[in-house]
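Shown next, in structure tokens, is the structure this report addresses.
Nothing in this text is a laboratory measurement; each read-out follows from the coordinates by a stated rule. Since the model is a prediction, treat every value here as computed from it, not as a measurement. For neighbour counting, all protein chains shown are included, and Cβ atoms are generated from backbone atoms with ideal geometry for every residue, glycine included.
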Amino acid sequence: SQQGEEDPQALSIQEGENATMNCSYKTSINNLQWYRQNSGRGLVHLILIRSNEREKHSGRLRVTLDTSKKSSSLLITASRAADTASYFCATVSYGNNRLAFGKGNQVVVIP
Amino acid sequence: EPEVTQTPSHQVTQMGQEVILRCVPISNHLYFYWYRQILGQKVEFLVSFYNNEISEKSEIFDDQFSVERPDGSNFTLKIRSTKLEDSAMYFCASSEWQGNEKLFFGSGTQLSVL
């Protein structure tokens, strides 16, 4: 089954720095999405990138997708303390409606 | 902003008991889902639901699980006879379009089976 895997697992940075997370997957995908989860809360959709796209921006977020390497990266620029959360990538394969999540990256932004 | 609401936030039950987890999806959404996350593990897909029927389910979603949309607003997950390994955070989600685009998740129900 399709699975996303993030790397690194935990990241601690100073406010204002950039945070980069990577995600790899194993099979062909329709799209890849990134979600954020604050402690004790639900998952919040951040950005979606389709298999025919290579890069996408949304505010301070930048997502790249390399289908030849089956990998994606999420960059958060100019991080803020409020960005402290877990970040998950999730892939969707063709022909189904399920998201396959990775284990998540814990990001701590130190004020 | 509209949100998916789940109740209860915490549920403790004895092994073998039935539990019903409740969700109110966003009102104009047509696709509904349940996911779960066992502590320290990945978020796992359980089931998707559209047009009053299951559209897809995972291997986890066996005969002990069922879903229902009883009244046009609520979406429930029932576990008939809970097992210890059912202990997890259960997330409900909904989406406006064909399921794999952008899901809105609730805050989850933490189920503890003793």
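Projecting the Cα atoms of B:Thr13, B:Val47, B:Phe75 onto the charge dipole of chain B (Cβ charges, centred on the Cα centre) puts B:Thr13 farthest toward the positive pole. Full extension of the chain between A:Lys69 and A:Ala81 gives 1.1 nm of extra length, using 0.36 nm per residue less the Cα-Cα distance.
Between B:Thr7 and A:Ser51, the modelled label-to-label distance comes to 4.2 nm, taking each label 7 Å out from Cα in the direction of the beta carbon.
Please work out whether the protein assembly as shown counts as rounded, prolate or oblate from its C-alpha gyration tensor, where a ≥ b ≥ c are the square roots of the eigenvalues and a/c under 1.5 means rounded, while otherwise a/b larger than b/c means prolate and anything else oblate? Cα axes put the protein assembly as shown in the prolate bin. Applying the Kirkwood pairwise sum to the alpha-carbon positions of chain B produces a hydrodynamic radius of 14.0 angstrom.
Here the Karplus curve 6.51 cos²θ - 1.76 cosθ + 1.60, taken at θ = phi - 60°, turns the phi angles of segment A:82-90 into couplings of 5, 7, 4, 4, 9, 10, 10, 9, 9 Hz, with x standing for Gly and Pro.
Taking amide H as placed 1.01 Å from N in the peptide plane, B:Ser87 has its amide H under 5 Å from the amide H of B:Val113, each at least 5 places away in sequence or on another chain. For the pair B:Arg80 and B:Gln14 in one chain, pulling the backbone fully straight at 0.36 nm per residue adds 22.6 nm over the alpha carbon distance. Taking the Cα centre of the protein assembly as shown as reference, the dipole from Cβ charges on Lys and Arg (+1) and Asp and Glu (-1) amounts to some 320 debye. In sequence order, segment A:20-34 has phi-based couplings of 10, 10, 10, 9, 10, 9, 10, 10, 5, 10, 8, 7, 10, 10, 10 Hz under the Karplus curve 6.51 cos²θ - 1.76 cosθ + 1.60, θ = phi - 60°, and Gly or Pro positions carry x. P(r) for chain A, from all Cα pairs and a bin width of 5 Å, is 2, 13, 25, 25, 19, 9, 4, 1, 0 %, short bins first. Label positions at B:Asp63 and B:Lys102, each projected 7 Å from the Cα along the C-beta direction, are separated by 4.2 nm. Taking label points 7 Å from Cα along the Cα-to-Cβ direction, B:Arg22 and A:Asn18 give a separation of 4.8 nm. For segment B:1-106, the dipole from Cβ point charges (+1 on Lys and Arg, -1 on Asp and Glu) about the Cα centre works out to 200 debye, to the nearest 20. Cα centroids of segment A:12-40 and segment B:27-70: 24 Å apart. Projecting the Cα atoms of B:Cys23, B:Trp34, A:Ile13 onto the dipole axis of the protein assembly as shown, where Lys and Arg carry +1 and Asp and Glu carry -1 at the beta carbon, places A:Ile13 farthest toward the positive end. Taking B:Gly16, B:Gly40, B:Gly72 as the candidate residues, the one with maximal mean-square fluctuation in a Gaussian network model of chain B, Cα springs under 10 Å, is B:Gly40.
Summing Cβ point charges (Lys, Arg +1; Asp, Glu -1) relative to the Cα centre of segment A:1-105 gives a dipole of roughly 300 debye. If you take every DSSP beta bridge whose two residues both sit in the protein assembly as shown, what share of them, in percent to the nearest 5, is antiparallel? Looking only at bridges with both residues in the protein assembly as shown, the antiparallel portion is about 90 percent.
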